[in-house]
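Reading through the structure tokens given below for one structure.
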Amino acid sequence: MRWQHFPLAAILLISLVMHVAAAAATPDLVFDENYYVTEARGILAGWGPLYLEHPPLAKLFLVTSIRFFGDDPLGWRFFPILCGTCSIVFVYLICRELTLPRRAVIIATFLFAFENLAFLQSGIAMLDVFSVTLMLGAFYLYLRSRYIAGGLALALSSLAKLAGVLGGLAVFLDWLVSNRKRPLTVLLLASSAAIFFVALFPLLDYALSHRIGNPIGLLQTALVRTASLTFDTGFSPAASPPASWILDYHPFFLVPLPQYLAAVSPTVWLMIVPVMIYMVSKTFKGSRAAAFSLAWFAGTYLIWIPVEAVTGRMTYLYYFYPTVGAVCIGLALALHDLLEARRAKAVKYKRLLISAAAYGYLAAHFAFWIVLSPVFPSLALWLPIR
Amino acid sequence: MNTKRVTVIAIGALMVALCTSALCSSSAAFRAQIAQARAVMAARDGRYREALAEYDRELALDPRLAASVAVGKASVYAAVGEYDLALSQCNLAIAVSPQEPPAYLTRAAVYLGKKDYQAAIEDCSRIISASAAIALGQAYFIRGTAYANMDNFTEAIKDFTYAIILSTHKAEPYASRAMAYGSVGNYDDAIADFSRAISLDRRRAAYYYNRGLSYEAAGMKPEAVADFRKFISLTDDSEWATKAAAKIDEIQGGG
């Protein structure tokens with residue numbers, strides 16, 4: 001391994017150790033694992049899938065995870081953890097493709113790996129981690145101009161969870177901002193994604209249900225079922241409208257003990273709006289990375305606001321998980337610029353102050369990751385509520 | 001002070017104000033969740049009065065949680081044997097939120113406590129026919145228990161098998177199916193299921209006692225004695241420990 005990859009290896013190792021410790025400390029099913037692990041067990045018993053609102057790929061991952069690694073906490077979560085770890089590598093590779101300075105690459109990877117929501121989602125047996133990891137893979141391939149492979153990754157992301165299609169929107173927006181002179185690129189990616197999606201949907205579904213389905217019919221069923229879950233049809237304490245994810249700090253206990261707290265790390269959440277404003281400004285100044293971060297943010301997050309307003313679809317904070325990487329890249333760019341600005345300061349204490357602010361922020365981010373993690377004593381035990 | 005600096009300070013101040021107001025407005029919902037978490041933990045540790053108080057606090061902090069609070073209170077009342085109060089809380093939860101499986105599941109458990117097995121079976125069957133996976137394993141388990149209590153061991157074994165498929169990591173369905181196998185004289189399968197239950201929960205004394213009975217019935221006396229001894233080492237119940245000791249004497253006395 002080259003010395004330059006050492007920080008990535010260290011980050012991956014710390015993240016993996018924490019994942020294994022958290023999984024080992026959590027013998028019971030967590031939140032929607034109650035749906036997906038139970039469904040996977042039913043599939044293994046030959047009953048077929050129960051939840052037709054979700055496409056088959058992520059379920060297939062979970063079934064395979066249980067089949068090969070055992071029906072126990074580590075068995076359910078083996079593939080999610082593996083995929084979550086791959087997602088960190090993809091963020092690292094995306095930053096490199098965006099030609100971020102080396103320090104910014106490491107900061108972005110650090111922020112993403114130790115962000116609470118991303119860590120939480122990649123440690124439990126839900127569908128999102130598969131979709132997000134494949135989406136990040138699609139971004140990386142798109143940035144490397146591998147459009148057909150990118151289309152395949154995008155199709156697989158959408159076959160893991162339909163929200164994966166938002167990755168395509170992010171790519172389209174990035175193309176609009178940065179690459180409009182080459183319309184064939186986005187066309188190639190979109191058409192290959194569509195072809196792979198239609199071709200693979202029935203095949204993957206067959207692997208679960210042993211029935212050959214019509215891809216259009218399967219997609220229609222999934223869309224109708226997913227659209228039926230609206231804010232008007234019932235109340236879920238876990239649900240919240242998309243605008244509130246960035247304007248209202250609304251943490252939610254998936255499980256209180258050990259704590260699985262669905263919340264964007266406060267260090268990231270506080271900075272979402274200012275960082276995205278900064279990305280707009282940098283995009284106007286011609287920054288490719290800022291433009292991509294902005295397109296990613298708009299494609300995977302902002303779009304939920306009109307979607308929810310029009311359809312009333314029930315939404316959950318963890319739908320923000322695909323967007324975390326965009327914010328982390330924006331934050332890394334901002335922190336890098338701050339540290340660069342330090343050099344221009346003539347007075348020593350100002351330079352020290354800037355360094356302290358930047359590195360103090362990163363230390364606080366890491367500390368929040370530990371405090372919110374399942375291995376830390378639950379907030380429900382010691383947080384005063386009166 | 002230049003314009004750029006003023007702008008940065010203004011944006012910073014605005015952000016701080018926004019974040020503070022956001023945190024304040026969300027705190028009631030978050031505090032309600034903490035109250036719920038504490039109620040669940042208190043109920044689990046047998047501090048039932050405290051659990052009920054925490055549920056009341058949760059409801060006061062977030063009235064939208066009326067259904068889940070009612071289900072939680074029903075579980076507490078059921079745990080202390082107040083089945084009528086438990087039932088009224090379940091009915092309240094169902095009236096508030098008729099589509100939610102946990103209320104039916106809790107009501108089925110309450111019916112089990114009241115020995116109204118037919119009503120328990122009906123509630124579980126409702127969950128099973130809706131394929132509500134979040135409660136499916138538990139529904140099969142409760143319905144199996146109801147069938148077993150009605151001496152319908154064939155249906156009980158079938159339901160416990162489904163419960164095992166859906167809740168492989170839990171010891172109780174294996175132990176319940178083992179009891180049902182034992183009731184129909186199938187001691188080999190009973191021993192296998194008790195062994196699986198023990199591998200999932202090695203501290204549960206009752207599993208050793210019941211496996212000991214199955215070993216004894218199957219004529220495997222040394223294994224039965226070992227299980228009764230293990231039971232004595234684990235149990236806090238002196239009456240049952242005396243019974244297990246008598247079993248050992250009986251087996252060893254009988255050669």
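The values are calculated or read from the model by the stated rules, or taken from the named source; none is laboratory data. All figures in this text were calculated on a predicted structure; none of them were measured in a lab. Neighbour counts run over all protein chains shown; Cβ positions are idealised from the backbone, glycine included. Keep in mind that these areas ignore ligands, DNA and RNA; they rest on the heavy atoms of the full protein, side chains included. Shrake-Rupley method; radii C 1.70, N 1.55, O 1.52, S 1.80 Å.
Tally Lys and Arg at +1 and Asp and Glu at -1 over the other residues with C-beta under 14 Å from the C-beta of residue A:204: what net charge comes out? Working shown, then result.
Values: positive: A:59, A:161, A:211; negative: A:205.
Computed value for this residue: +2.
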**Fill in**
Of the listed links B:158/B:230; B:115/B:158; A:181/A:285; A:59/B:170, those spanning more than 24 angstrom between alpha carbons are B:158/B:230
**Item:** Under-5 Å amide H pairs with residue A:260, H placed in peptide plane, nonlocal only
**Value:** A:254, A:255
**Prompt:** Given 0.36 nm per residue, what is the gain on full extension from residue A:364 to residue A:284 after removing their alpha carbon distance, in nm?
**Reply:** 25.7 nm
**Item:** Potential extension, residue B:199-residue B:130 segment - 0.36 nm per residue separation minus Cα distance
**Value:** 21.6 nm
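I want the local charge near residue B:183. Using Cβ-Cβ distances under 13 Å, sum +1 for each Lys or Arg and -1 for each Asp or Glu among the other residues. Before the final figure, lay out the partial values.
Numbers: positive: B:177; negative: B:151, B:155, B:189, B:193.
With Lys, Arg at +1 and Asp, Glu at -1, the net is -3.
Name the shape class, rounded, prolate or oblate, that the alpha-carbon gyration tensor gives for the protein assembly as shown, where a ≥ b ≥ c are the square roots of its eigenvalues, rounded holds for a/c under 1.5, and otherwise prolate holds if a/b is larger than b/c and oblate otherwise.
On the way: a/c = 2.02, a/b = 1.78, b/c = 1.14.
Verdict is prolate for the protein assembly as shown.
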**Asked** Rounded, prolate or oblate: which fits the range A:268-335 when a ≥ b ≥ c are the square roots of the eigenvalues of the alpha-carbon gyration tensor, with rounded for a/c under 1.5 and prolate only if a/b beats b/c?
**Response** prolate
**Request:** Grab the Cα-Cα distance for residue B:229 and residue B:161, subtract it from 0.36 nm times how many residues apart they are, and report the gain in nm with one decimal.
**Result:** 21.5 nm
**Request:** Just read off the accessible area of residue B:45 with the full protein assembly in place, 1.4 Å probe, to the nearest 10 Å².
**Result:** 90
**Message:** For the full complex of protein chains and a 1.4 angstrom probe, list B:90, A:83 by accessible area with the highest value first.
**Reply:** A:83, B:90
**Prompt:** Counting only residues 5 or more places away or on other chains, whose amide H sits under 5 Å from the amide H of residue A:26 once H atoms are built in the peptide plane?
**Reply:** none
**Message:** I want the local charge near residue A:37. Using Cβ-Cβ distances under 10 Å, sum +1 for each Lys or Arg and -1 for each Asp or Glu among the other residues.
**Reply:** -2
**Prompt:** With each pseudo-label sitting 7 Å past Cα toward Cβ, what's the residue A:5-residue A:383 distance in nm, one decimal?
**Reply:** 3.9
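What is the range A:76-232 by shape, rounded, prolate or oblate, if you read a ≥ b ≥ c off the alpha carbon gyration tensor as root eigenvalues and call it rounded for a/c under 1.5, prolate for a/b larger than b/c, and oblate otherwise? Mind showing how you got there, number by number?
Working: a/c = 1.95, a/b = 1.25, b/c = 1.56.
Here the range A:76-232 falls in the oblate category.
How large is the convex hull of the Cα atoms of the range A:142-253 per residue, expressed in Å³ as a whole number?
Numbers: hull volume 18.1 nm³, N = 112.
Once divided by residue count, the hull of the range A:142-253 is 162 Å³.
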**Message:** Could you identify which residue out of A:358, A:155, A:23 has the top mean-square fluctuation in a GNM of chain A using Cα springs shorter than 10 Å?
**Reply:** A:358
**Prompt:** Efficiency by 1/(1 + (r/R0)^6): what FRET value for residue B:85 and residue A:244, r their Cβ-Cβ distance, R0 = 35 Å, to the nearest 0.05?
**Reply:** 0.45
